[in-house]
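Following: one structure in structure tokens, then a few remarks.
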Amino acid sequence: MAADSLFVGLDVGGTSVKIGLFDQDGQLVGKGSVPTPPLIDADGYTAVTDSIATVLAAASAEVERIAGIGLAIPCPVPADGVIRMQANIQINAPGLADALGRAFPAAAVRFENDANAAAMGELWAGSAKAYQSLVFVTLGTGVGGGIVVGGRVVSGVVGAGGEIGHLCMNPDEERSCGCGGKGHLEQYASATGIVASYRAECDARGVEPVALEGPSDSRSVFAAAKAGDEAAWAAIDTMCDYLGRALAIIACVVDPEAFVLGGGTSNSADLFMDRLMASYRRYSINVTADTPVELASLGNDAGIYGAAYVALQAAQGEQAPSA
């Protein structure tokens, strides 16, 4: 691998494919995006390869310098790399990998789950640079996670490693999670869960909720709490209680150097971090009670950073993440 090699990180979302071009030190040297096409045929593949070429041209970089391409996708990626379940996108992973290989023949190509990629991004160039083990928690419409041990993502045999949003925290819950289970962490700690808890608190107290823009508008709930809305604070306390307990359980299994919180809900951490830490310490065993909980620093770019880091590892000949 040449000293001037470059790496492409693709963050494949439901609406757009974000593209980042990086050097070996994790410096972002080019960036772009394209609306997400169905990645199942030549038209979709070409939309991606052409967009990468546009980013390369803008950075005055030659195709031959691309040593690796990583793709962060919203799907479980098993240890064998064969994607068996898709969510919110249409993707033919082998077909896309072949198209990228033809367009960029010097590049190693590897896929990774998007939450796992975000964890690797923070490890490579974000708030977790000082660590070798961490648990990354994404708090957004749902709850996702990425587990890194010894600098390597733990994906698992079927790609379920890091699916912390589906830890069963309340077996007595009657409502169903989006996955079909009941009482999962996501039902309480996600933006959607916070809104649901807030509406339930308002009903129980016989008060009208503040105006909400949709089922995941947790920002309005946090704003209401800041203005003194007791039902909003109760919903936040529910979130912190379940999330703190989940982190305490995870600490007993993984014992990470740190937890890192990302996703849109983490932007309101100034309102809930003290309550979350109190909950975490209440449920922790004493030797893990001081594990730091930090905020992610890369924001929405964590996925492209992490995908590029996965590409760097692939180019260096490292094996895919272990089970």
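Between region 225-248 and region 141-191, the C-alpha centres lie 18 angstrom from each other. Taking the 0 to 90 degree range and rounding to the nearest ten, how far is the long axis of helix 93-103 tilted relative to the main principal axis of the chain, both from C-alpha atoms? Once rounded, the angle reads 40 degrees. Counting only protein heavy atoms and a 1.4 Å probe, tell me what percentage of the chain's accessible area is made up of carbon and sulfur. Taking all protein chains in place, the chain shows 50 percent carbon and sulfur surface. Local charge for P35 was computed over the other residues whose Cβ lies under 15 Å away, with Lys and Arg +1 and Asp and Glu -1, and equals -2. Axis angle, to the nearest 10 degrees, between helix 230-254 and the longest C-alpha principal axis of the chain: 60 degrees. Near the amide H of T141, within less than 5 Å, lie the amide hydrogens of A191, all on another chain or at least 5 residues away, with H placed in the peptide plane.
Look at the dipole of region 85-200 built from charges on Cβ: of A160, I194, A97, the Cα furthest out on the positive end belongs to A97. Percent of C-alpha pairs per 10 Å bin in region 102-170, short distances first: 20, 45, 26, 9, 1.
How large is the convex hull of the C-alpha atoms of region 136-191 per residue, in Å³? Expressed per residue, the convex hull around the Cα atoms of region 136-191 is 81 Å³.
So with the 1.4 Å probe, I'd like the accessible area per residue for the chain, rounded to whole Å².
43
On the principal axes of its alpha carbon atoms, region 211-286 extends 40, 22, 19 Å, with the longest extent given first. Neighbours of Y45 by Cβ distance under 11 Å: Lys/Arg scored +1, Asp/Glu scored -1, total -3. Ranking P171, G150, L139 by Cα position along the charge dipole of region 113-202, where only Lys, Arg, Asp and Glu carry charges on their C-beta atoms, puts G150 farthest toward the positive end.
Under a point-charge model restricted to the Cβ atoms of Lys and Arg (+1) and Asp and Glu (-1), what is the dipole moment magnitude of the chain relative to its Cα centre, in debye to the nearest 20?
200
Its residue count N sets the reference 2.2 N^0.38 Å, and the alpha-carbon radius of gyration of the chain equals 1.02 times that reference. Under the convention that each Lys and Arg Cβ holds +1 and each Asp and Glu Cβ holds -1, the size of the dipole of region 30-176 around its Cα centre is about 400 debye.
Sequentially through region 158-171, phi angles give Karplus couplings (6.51, -1.76, 1.60; θ = phi - 60°) of 10, x, 8, x, x, 7, 6, x, 10, 5, 7, 9, 8, x Hz, Gly and Pro residues having no value and appearing as x. For the chain, the longest principal axis of the Cα atoms and the long axis of helix 302-315 meet at an angle of about 40 degrees.
At 37 °C and a viscosity of 0.692 mPa s, what translational diffusion coefficient does Stokes-Einstein give for region 1-79, taking Rh as the Kirkwood radius over Cα pairs? Give it in µm²/s as a whole number. Approximately 251 µm²/s, per Stokes-Einstein. In a simple Cβ point-charge model (Lys, Arg +1; Asp, Glu -1; nothing else charged), region 89-217 has a dipole of about 560 debye relative to its Cα centre. The largest-to-smallest principal axis extents of the Cα set in region 55-181 are 58, 36, 27 Å. Cross-link reach is defined here as a Cα-Cα straight distance under 14 Å, omitting same-chain residues fewer than 8 places apart; for K18 the aspartates and glutamates meeting it are D50, D114, D301. Taking the three principal axes of the alpha carbon atoms in region 177-323, the coordinate ranges are 61, 37, 32 Å, sorted in descending order.
The values are calculated or read from the model by the stated rules, or taken from the named source; none is laboratory data. Everything numeric in this text was worked out from a predicted model, so none of it was measured. Positions of Cβ are generated from backbone atoms using ideal geometry, with glycine treated the same way; all protein chains shown enter the neighbour counts. SASA here: full protein model, heavy atoms, side chains in, ligands and nucleic acids out. Shrake-Rupley method; radii C 1.70, N 1.55, O 1.52, S 1.80 Å.
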